[in-house]
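The structure appears below as structure tokens.
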Number of protein chains: 4
Amino acid sequence: MSADAGIKSSSTSAEAPGAPDPALLEDIVTANRILSDQGIIDAYGHISARDPLRPGHYWISRSMAPALVTGTDIIACDLDNNPVRTGETRLFFERVIHGEIYKARPDVMAILHNHAPSLIPFCNSDTRLRPMVGSAAFLGEGAPVFDIRSVDDEGDLNICNVAQARGLAQALGPHCLVLLRGHGAVFAGDSIRQVVRRAVIAESNARQQMQAAMLGPVHFLTASEIAFAKRSKPKDPDRAWQLWKQRAMRG
Amino acid sequence: MSADAGIKSSSTSAEAPGAPDPALLEDIVTANRILSDQGIIDAYGHISARDPLRPGHYWISRSMAPALVTGTDIIACDLDNNPVRTGETRLFFERVIHGEIYKARPDVMAILHNHAPSLIPFCNSDTRLRPMVGSAAFLGEGAPVFDIRSVDDEGDLNICNVAQARGLAQALGPHCLVLLRGHGAVFAGDSIRQVVRRAVIAESNARQQMQAAMLGPVHFLTASEIAFAKRSKPKDPDRAWQLWKQRAMRG
Amino acid sequence: MSADAGIKSSSTSAEAPGAPDPALLEDIVTANRILSDQGIIDAYGHISARDPLRPGHYWISRSMAPALVTGTDIIACDLDNNPVRTGETRLFFERVIHGEIYKARPDVMAILHNHAPSLIPFCNSDTRLRPMVGSAAFLGEGAPVFDIRSVDDEGDLNICNVAQARGLAQALGPHCLVLLRGHGAVFAGDSIRQVVRRAVIAESNARQQMQAAMLGPVHFLTASEIAFAKRSKPKDPDRAWQLWKQRAMRG
Amino acid sequence: MSADAGIKSSSTSAEAPGAPDPALLEDIVTANRILSDQGIIDAYGHISARDPLRPGHYWISRSMAPALVTGTDIIACDLDNNPVRTGETRLFFERVIHGEIYKARPDVMAILHNHAPSLIPFCNSDTRLRPMVGSAAFLGEGAPVFDIRSVDDEGDLNICNVAQARGLAQALGPHCLVLLRGHGAVFAGDSIRQVVRRAVIAESNARQQMQAAMLGPVHFLTASEIAFAKRSKPKDPDRAWQLWKQRAMRG
């Protein structure tokens, strides 16, 4: 199993983007800072955004600690995960996650992979992560768990090649969060801000679900409440984004 | 179910207050900062105070993150939750909680709604939040839990209309705290400072009760101790307020 | 039950101290700051030191938040808890704890009363707080728990009068820590530094014992290890004191 | 049982190092700061590095709080734990741990002893600390636990003499972590950076394992995944080191 197996395929750079939209660029940088400041990404996670004008490309930071990302660190890759800029080598080896999910899910505009500290217990348990509060309704009837052994069972549990990433995308299915046994989480959503918001909410939901389990049976959102959330939009989600941004940027 | 159903009723602005008492104004701003600094309110909670001279009105911040509230953000609403100032539109849609509780409970002078992180497990459990220490005696025989399904069951669990807010006020009854299934908490008290104090104490009490549950059966305050607390006043409560204020304001 | 019942008895101020030893004064102030900085005292606890030259008196801060204590706030009381300075009224009503324990235990040179957040679960449980590590051997076979109902059962659980304080001192017995049901903890030791050190250790020991309880049966120190600790001195305890002081004073 | 029994044996200072390699020196200092900043070492732990050119010697700080260590505090000892510089007396009494493990394990180039807060529950439990995630595969089938009673049972649980340290080295065996009942942990690895990295990972793994235990049966890494990790290197471990260093040095 080679770390980059299957990634170095051909790319059509003719349609490749030169620079992202400034607002999108700022959101990607801010997302890296917020996730670090909130303690839900460590030195190794990554977040990407699909280019809205060239949906065959996505933007992601070079391989580095998210806490240190600035605008000049954001690079473009095609959906085969090849960098647009020739010779760029400072790449996350797990970026294959991004390309394969963008291919499988045309609706997805942003993807986050992290080693979410409070989600790990659910990655290694038969107990599903389920919504405790309305804002966590996106967890539905329980976040699916991807076991890399469904693809191969000799590795370090990282998603290193196309086959593994396709298995992961399959486990994600139509959901917006998939947990990875012995590894972490992948969030997929319609914007950088939505994905960050859900990652923050998933963390607190996980902590509260574990605490509630100590008190006895836990009452989760009902099927009807989960269905309602699918048809509606959250109220004023940017209020939290702006507050988190202010905190992350002062740190 | 419309988000503002029932809120836009007629209001008699003749008796409406122009500005709050400066000391009250400062307490409302300070409360927003303390609750944020202590981590028991997030970007979405709100706290209000009834106007002591015009009890048909209350003061609350415009719809914004509590951590950022300043004196100029505090506005007046009547008990039908209409803003006194014509054309004011930056309003919390859940402000209906405040109006309905002030109507149902003439003794209540301050109300807090938050998504108290350590109280959520009790919102979704059959285990009641009960007093571990003397200062938490206000929890009585256990904080009641309001299930919005007792009013309607198709929503996002937020309190968006008068019917839901009346159901909530009914569940609160004569208590000073009601938990909301899948949502959070509402505190009602005789002053901004009392409500903030109780919100801080409820958080630590919840954490300690969950920890104690890991050790075996938990011994709560006795009925006689709870009754004594109802007849007496806490000793020097302002000492904590001043300390929390100092910490919140330096942050 | 009056808050100060029994405290205002006669005092012989002839032998009363005018000012404490400067090193002792600094330790008392530092202790207040460390305990606040470490989060194991809130706005309401207090720590005292017996005067080494006039053992019928002790030093304690005026009634105020420990985090704000400075040298000019330290006052002297006799063992009937009367202030040496005439007209001093800013006194902790629970100072009766200090006088009664100093009377009952001539060996005790310092006393701390706090609402130790991680000890409260043990105050309300049948599970005893027991030593997880060598430095916590002072917990012996388990910290005793004082139930104020053994004295009277109509109050707010505070130690307000001599009878209650005597009951508490009796429950403490020869131990160095007694837990108070529904209230908190009292540490008694041979110096300010020892008492602070033990309060810090008791907090972490409590957290670790609760966590270990989640894993199954817990193995505590043996009787022989507890006995050894009674005969020996801790190695270089001041290293921690100096580190905690540095952190507390910069905050 | 004397604290230094067996340590003062003969040393051949002829081959003794005068100063460590500057890069190694900086890593030792940085390690002390990172471990303190991350809260996984308190005032009493210590970390050492074997001298790569003179494998009969190791470098360690003088007896002091790790948070305060600077380059001038790093001293050399031989494997009998005698300081190279004549008259140096400010020594950790538990340094015997280092010498005995370096003797028993020629492959080991760095050793850390700490009172790891989240590992203590596993020190006193029959439940083994096992790997939750790929980066914790070094925990293997479960970290061994050393019970000092296998050597003697009259002490303060510290490792004070050669017999105890040899017993500890035996319990460590070929592993890279051994837990000490009622005491803490010892990590052994091939570099300062590896040992620090593993200490950080072990702490979060312990917390996640305890949380997962609340949810039901826990699924750990498989034997095949553990075996794979033994044959491979972690990807870009220095990214975390540099991030932790930046945080520790600004504090």
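So which residues in region D:76-92 are closer than 15 Å to residue C:236 by Cβ, open to solvent by 20 Å² or more (accessible area, probe 1.4 Å) and touching a strand residue (DSSP E or B) at 6+ places or on another chain (Cβ under 7 Å), if there are any at all? Of everything in region D:76-92, just one residue is closer than 15 Å to residue C:236 by Cβ, open to solvent by 20 Å² or more (accessible area, probe 1.4 Å) and touching a strand residue (DSSP E or B) at 6+ places or on another chain (Cβ under 7 Å), namely D:91.
Here is a yes/no grid of residues against (1) more than 14 Å from chain C (Cβ to nearest Cβ); (2) open to solvent by less than 30 Å² (accessible area, probe 1.4 Å); (3) part of a loop (DSSP other than H, G, I, E, B):
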site	(1), (2), (3)
D:99	yes, yes, no
D:106	yes, no, yes
D:117	no, no, yes
D:127	no, no, yes
D:135	yes, no, no
D:143	no, yes, yes
D:154	no, no, yes
D:170	yes, no, no
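If you filter region D:1-20 down to residues that are assigned to a helix (DSSP H, G or I) and not acidic (Asp, Glu), you find that the one that is modelled with the highest pLDDT is D:14. In region C:200-210, the count of residues that are aliphatic (A, V, I, L, M) and touching an Asp or Glu at 6+ places or on another chain (Cβ under 8 Å) is zero. In region B:220-243, how many residues are farther than 25 Å from residue B:28 by Cβ and surrounded by 20 or more Cβ atoms within 10 Å (Cβ to Cβ)? Number satisfying all stated conditions: 4. Starting from residues that are under 21 Å from residue A:47 (Cβ atoms) and in a loop (DSSP other than H, G, I, E, B), keep the ones in region A:175-184 and report whichever is nearest to the other protein chains (Cβ to nearest Cβ). By that ranking, first place goes to A:183. Scanning region D:195-219 for residues that are open to solvent by 30 Å² or more (accessible area, probe 1.4 Å) and at the interface with chain A (Cβ under 7 Å from one of its Cβ atoms) yields D:204, D:211, D:214, D:217, D:218, D:219. When the residues of region B:37-78 are filtered to those that are among the basic types (Lys, Arg) and more than 13 Å from chain A (Cβ to nearest Cβ), which remaining residue is nearest to residue B:192 (Cα to Cα)? The extreme case among them is B:50. The condition of being over 25 Å from residue C:230 (Cα atoms), in contact with a Gly (Cβ under 9 Å, 6 or more places away or on another chain), open to solvent by 20 Å² or more (accessible area, probe 1.4 Å) and without any contact (Cβ under 8 Å) to a residue 24 or more places away in the chain does not hold for residue C:147. Being touching a strand residue (DSSP E or B) at 6+ places or on another chain (Cβ under 6 Å), among the polar types (S, T, N, Q) and part of a loop (DSSP other than H, G, I, E, B) is a condition met by no residue of region D:207-223.
Cβ-Cβ contacts under 8 Å between residues 6 or more apart (or on different chains), taken from a first residue in region D:79-95 that is within 13 Å of another protein chain (Cβ to nearest Cβ) and within 17 Å of residue D:159 (Cβ to Cβ) to a second residue that is surrounded by fewer than 18 Cβ atoms within 10 Å (Cβ to Cβ) and among the small types (Gly, Ala, Ser), are listed as D:93/D:3. Looking only at residues of region C:21-75 that are outside any loop (DSSP other than H, G, I, E, B) and among the aromatic types (Phe, Trp, Tyr), we find that the one that is surrounded by the fewest Cβ atoms within 10 Å (Cβ to Cβ) is C:59.
When residues in region B:220-242 are screened for being over 19 Å from the mean Cα position of the chain (by Cα), more than 16 Å from residue B:176 (Cβ to Cβ) and more than 9 Å from chain C (Cβ to nearest Cβ), 1 of them pass.
The values are calculated or read from the model by the stated rules, or taken from the named source; none is laboratory data. From a predicted model like this one, the values you see are computed outputs, not experimental measurements. With ideal geometry, Cβ positions are generated from the backbone for all residues, glycine too; neighbour counts draw on all protein chains shown. For accessibility, only protein heavy atoms count, side chains too; no ligands or nucleic acids. Shrake-Rupley method; radii C 1.70, N 1.55, O 1.52, S 1.80 Å.
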